[in-house]
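Single-structure report; data block below.
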Amino acid sequence: QVQLVESGGGLVQPGGSLRLSCAASGSIFRFYTMAWYRQAPGKQRELVASISNGGRTNYADSVKGRFTISRDNAENTVYLQMNSLKPEDTAVYYCNAKWVMYDYWGQGTQVTVSS
């Protein structure tokens, strides 16, 4: 069992930055592909960014060049650095961990981009 705890969400003005963190329990964090998803009101959950156990990254077109995903296997933590935030980035952001048949989700953290 893996528990994921997100933090770092909040209210930020357009053009601002936030860094989300996701701390994972368990000793085999390094095997998991980690990802951030988001869900805006009335919309489906969508993939924002992912990072494989080998460090390969993938981004949604809407966040390329603005968001950066990274991981620290020693700290069992994955990060999402979000720059140049836009109102359309407003959503609940969820951390996800996948490995073979295992698929875990965090509880989500709210990000609101508004002036």
Residues in segment 5-24 that are within 18 Å of LYS86 (Cα to Cα) and assigned to a strand (DSSP E or B) total 6
Mind listing whichever residues of segment 29-52 are open to solvent by 20 Å² or more (accessible area, probe 1.4 Å) and in contact with a Lys or Arg (Cβ under 8 Å, 6 or more places away or on another chain)?
THR33, TYR37, GLN39, ARG45, GLU46
Okay, strands (runs of 3 or more DSSP E) sitting entirely in segment 25-115 with 2 or more residues that are over 14 Å from GLU6 (Cα atoms) and free of Cβ contacts under 8 Å to residues at least 12 places away in the same chain, I get 57-59
Just wondering, is there one or more residues in segment 93-102 that are on the phi < 0 side of the Ramachandran plot, at pLDDT 95 or above, touching a Ser or Thr at 6+ places or on another chain (Cβ under 7 Å) and of a type in the set (A, V, I, L, M, F, W, C)?
no
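The values are calculated or read from the model by the stated rules, or taken from the named source; none is laboratory data. None of these values were measured; they are calculated from a predicted model. All Cβ positions, even for glycine, are placed from backbone atoms using ideal geometry, and neighbour counts span all protein chains on display. Protein only, heavy atoms only, side chains kept; ligands, DNA and RNA dropped before computing areas. Shrake-Rupley method; radii C 1.70, N 1.55, O 1.52, S 1.80 Å.
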